[in-house]
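Since the structure comes first, as structure tokens, the remarks are kept for the end.
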Amino acid sequence: MFARRSGHVIATPLALALVLWYFSLWLLTIVCLIFFVIFLVFFRDPKRRLGKGIVAVADGTVRDVVVKNNRVLISTFMNLHNVHVNRAPMWGKVIAIKRRKGGYWPAFHTKAGGNSCLIITLKTKIGTVRITQIAGTFAWRIVPYIRKGQIIKKGQRIGIIRFGSRVDLELPVEMVKCVVKAGDKLLAGKSKVAEVVNEVVG
């Protein structure tokens, strides 16, 4: 299974390869076929069995876990080999989707917080939850799958960041207990990142 709205991206190097093959440009044909295979891997979107509690929004490595302004922020770095389709951490209603212009620093850089990004705000049973999909040096395109006013389920696909970047998840600190730390590996929709205090999230 492949990510939604990625078919044209995957097909582009294959189409170029066919044209180059027709003109007997063998080296360039091979290069395009290599990119075609890379895109097949990059845009994969495997089925996932939902994890318990509040689940990870992104595949990747936990970059940092901090408490700021009464919010727990879990920052996940997605490498090129990770699945780049992001998922909802829990049930909620989309109350805002906002694009913010900015730079294109590498996702692991401290200045990446000011990069171009898409901010999704959810109204949930624990209060306001915010997901920030951050573009990186090569990830210039953030494609949302959801819209304002939509009710989304835990683990539902909410969008994709193309070509490596970072996703920040913000939760109300008084409502949750974080269960991950920097360096942990996550799978979107499957890995538990937090649990509601005195309650199990379904």
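The values are calculated or read from the model by the stated rules, or taken from the named source; none is laboratory data. Since the structure is predicted, the reported quantities are computational estimates derived from the model, not experimental observations. As a convention, Cβ positions derive from the backbone with ideal geometry for all residues, glycine included, and neighbour counts pool all protein chains shown.
The table for this structure:
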| item | result |
| --- | --- |
| Filtered residues of region 121-143 (kept if modelled with pLDDT under 95, surrounded by 15 or more Cβ atoms within 10 Å (Cβ to Cβ) and not polar (S, T, N, Q)) | ILE134, ALA135, GLY136, ALA139, ILE142, VAL143 |
| Qualifying residue in region 146-159 (condition: farther than 21 Å from VAL66 by Cα, at pLDDT below 90 and within 12 Å of the chain's Cα centre (by Cα)) | no |
| Selection status of LEU28, assigned to a helix (DSSP H, G or I) and either on the phi > 0 side of the Ramachandran plot or touching a helix residue (DSSP H, G or I) at 6+ places or on another chain (Cβ under 7 Å) (or both) | yes |
